[in-house]
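Comments concern the structure below.
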Amino acid sequence: MTWDYIVVGAGSAGCVVGARLSEESRRRVLVLEAGGSDRSLAVSMPAAGFLLALANPRYDWAYRAEPDPTRGGRRDYMPRGKVLGGTSAINGMSYVRGQPEDYDAWAALGCRGWDFESVLGYFRRAEDNENGADAYHGTGGPLPVANARTRHPLSQAYLEACVATGLDRVADINAPPQAGVGYVPVTQRRGRRYSAARAYLRPAMGRASLRVLSHAHVRRVLFDGRRAVGVEYDRRGRTERAEAARGVVVSAGAFASPQLLMLSGVGPAAHLGALGIPVVHDLPGVGENLQDHPGLAQTCWARGTTYNMQTGPLNALRFGAQWLFCGTGPGATPHSQVTAFTRHDGAAGRSDIQYLFSPAGFDLSEEGPVLFDRPAVTGLINVLRPFSRGRVRLASADPFAQPAIQPNLFADERDLDLLLAGAKLQRRIFETAPLARAITGHHRPGEDVQSEDEWRAYLRESAMSAYHPAGTCRMGHDRMAVVDERLRVRGLANLHVADASIMPAIVSGNLHATCVMIGEKAADLIRAGA
């Protein structure tokens, strides 16, 4: 069949692009998603996602990175959503935009129209903020942004401990400047997760202009010379083709978008040739510039009841009913309830460390999250603007094989220095009243980690990806750029990329809100004839 537009991937950006393009009734839009349905308790119930979706092959691609030589060969588990909604269906639901300077820096690199003033309108257009509209927030948009409906007492204690260590209490962590501590706004409505699929795609599925196919794994983009003319995909045991008259939009994410381009013959020619893939267009930047926030999970034993101790059958029934009928309780809780932003040196200026607090004890292992069997709390830290760069390559020419992901998380020693500064402050927060009164001991890292050498050794052993990959099809105009500021793949016609992979530099916070904005802006650019 022939469509006007084909969107590959129904994730945070792809759902937005597909829904917005299909608003024009005369257009025919096809959205292809390799994963399955998002109609599941594991998706809609926030707490169930952590317990049932992460590392579950039904909902999660559960990528495994290559051994990282900068961390003694550690192999990161990297969750990516395998359902309609993509990773927005299994993420922590944090609505964090980053800093105005992030987007102004994109514009300074030659990406016109991506400065903060230019993209703010797209953030506001997407948003339905329960706190109302103002200069930074919108109402009436497809994406609900809400305050968490249930807060654990230890979350309040963590927030007060942050204030006691010198951080400012802020009511809106998305209002510039991004500094201080506050509760995390979440992409929920009445305690239910609102993924990009639920916010954008499902309301649009009744349109004659839109068709959405799940379990449709795209093998490659098809070209007539240097013009994208469609895709080839597998669905239910059959290989099929779909033609696109006006364009193909690749929105498969920071790992799968460069993978699909390379499988289609677009990427570093030598790498493609070594795998026997015919080269359509030598584009050396495809898969380069992989960025992620270096992270660490710090856990402490605690007094009282924490959420990791409330997962048994009776609690599941009680909290499940509370969530189902009231939209409150532990079932409605996001992964993290409090977030904070600081500079590593405590000085004024742009924050470069993010903190996220969870009133549950867990470890983020190489196999996925593991809950503890005694009361505990977890503090996560992220280095917001890393210096290190990794890359994504093909492991083989098989479209069903996972790509080869090399994070190189500490390729630049400065990232280790920043994470160390953040980890020390996190420990200080745990040891500050009123939170200190609920802490019975440090678990990871333990009390034995004290000296600089001990901290550095521990970080190299235990630091991990913060699950925020970006940058692998970056926007720009130099030789290593993959798309231009209109998100067109350089050197090719009728082919766009719209997802986290286009970020020239990763933003200072969680990525979902930015990916929705990218989808909103991409749809406008494409409709304008990009």
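No value in this document is a laboratory result; all are computed from the given coordinates. Since the model is a prediction, treat every value here as computed from it, not as a measurement. All Cβ positions, even for glycine, are placed from backbone atoms using ideal geometry, and neighbour counts span all protein chains on display.
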Space enclosed by the convex hull of the alpha-carbon atoms of the stretch 283-345, per residue, Å³ = 212 Å³
inquiry  = Which of Ile277, Ile506 has the fewest other C-beta atoms within 10 Å, and how do the rest follow up to the most?
reply    = Ile277, Ile506
task = Using label points projected 7 Å from each Cα along Cα→Cβ, tell me how many nm separate Asp373 and Ala171, to one decimal.
result = 4.7 nm
remark   = Matching label for the computed volume of the Cα convex hull per residue in Å³, out of [x] 149; [y] 134; [z] 164, is [y]
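First measure r as the distance between the Cβ atoms of Ala316 and Asn147, then evaluate 1/(1 + (r/R0)^6) with R0 = 41 Å and state the FRET efficiency to the nearest 0.05. Walk me through the numbers on the way to the answer.
On the way: r = 25 Å, r/R0 = 0.60.
That pair, Ala316 with Asn147, gives E of 0.95.
Using only helices, what value at 222 nm comes out for the chain when you add -39,500 (n - 2.57) per DSSP H run of length 4 or more and divide by the total residues, to the nearest 500 deg cm²/dmol?
Values: 11 runs with 120 residues, N = 530.
Value at 222 nm, helices only, nearest 500: -7000 deg cm²/dmol.
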request  = With a 10 Å radius around each residue's Cβ, average the other Cβ atoms per peptide and rank 250-262, 112-124, 132-144, highest first.
outcome  = 250-262, 112-124, 132-144
ask   = To the nearest Å, what is the center-to-center distance of the stretch 401-466 and the stretch 1-17, using C-alpha atoms only?
value = 39 Å
remark   = Looks like the stretch 282-414, by Cα gyration tensor root eigenvalues a ≥ b ≥ c and the a/c under 1.5 rounded cutoff (else prolate when a/b is bigger than b/c, oblate otherwise), is oblate
note = The relative contact order of the chain, taking Cα pairs under 8 Å that sit 6 or more residues apart, comes to a percentage of 23 percent
remark   = Here FRET efficiency (C-beta to C-beta, Ser396 to Glu23, R₀ 41 Å, nearest 0.05) is 0.55
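Would you mind putting 351-362, 317-328, 58-69, 508-519 in packing order, based on average other-beta-carbon counts within 10 Å, highest first? Mind showing how you got there, number by number?
Working: 351-362: 24.7, 317-328: 15.9, 58-69: 18.5, 508-519: 27.4.
The most tightly packed comes first, giving 508-519, 351-362, 58-69, 317-328.
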task = Indicate the gyration tensor shape class of the stretch 114-185 (rounded, prolate or oblate), computed on the Cα atoms with a ≥ b ≥ c the square roots of the eigenvalues: a/c under 1.5 is rounded; otherwise a/b larger than b/c is prolate and the rest oblate.
result = oblate
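Can you give me the relative contact order of the stretch 181-263 as a percent, contacts being Cα pairs under 8 Å and 6 or more apart? Before the final figure, lay out each step's value.
On the way: 78 pairs, mean separation 15.2, N = 83.
This gives 18 percent for the stretch 181-263.
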request  = For the chain, give the share of DSSP beta bridges that are antiparallel, in percent and rounded to the nearest 5; count only bridges with both residues there.
outcome  = 70 percent
remark   = Counted neighbours (other Cβ, 10 Å), sorted fewest up, put Asp282, Asp448 in the order Asp448, Asp282
inquiry  = As a test of the definition: which semi-axes, in Å, follow for the stretch 87-223 when you take the square root of five times each eigenvalue of its alpha carbon gyration tensor? Largest first, please.
reply    = 31, 22, 15
ask   = Can you give the extra length, in nm with one decimal, that the chain gains between Ala457 and Asn56 once fully stretched, where that is 0.36 nm per residue apart less the Cα-Cα distance?
value = 141.2 nm
ask   = Any idea what % of Cα-Cα pairs in the stretch 350-482 are farther than 18 Å?
value = 64 percent
note = Sorted on mean Cβ neighbours within 10 Å (highest first), peptides 165-173, 390-398, 192-200 come out as 192-200, 390-398, 165-173
task = Report the label-to-label distance for Ala133 and Arg428 in nanometres (one decimal), using points 7 Å from each Cα along the Cα→Cβ vector.
result = 4.2 nm
inquiry  = Expected output is a single nm value to one decimal: the length gained when fully extending between Thr328 and Arg64, i.e. 0.36 nm times separation in residues minus the C-alpha distance. What is it?
reply    = 91.6 nm
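I need the shape label for the stretch 1-131. Rule: rounded when a/c is under 1.5, else prolate if a/b > b/c, else oblate, with a, b, c from the alpha carbon gyration tensor.
Numbers: a/c = 1.57, a/b = 1.15, b/c = 1.37.
Judged from the Cα gyration tensor, the stretch 1-131 comes out oblate (a/c at least 1.5, b/c at or above a/b).
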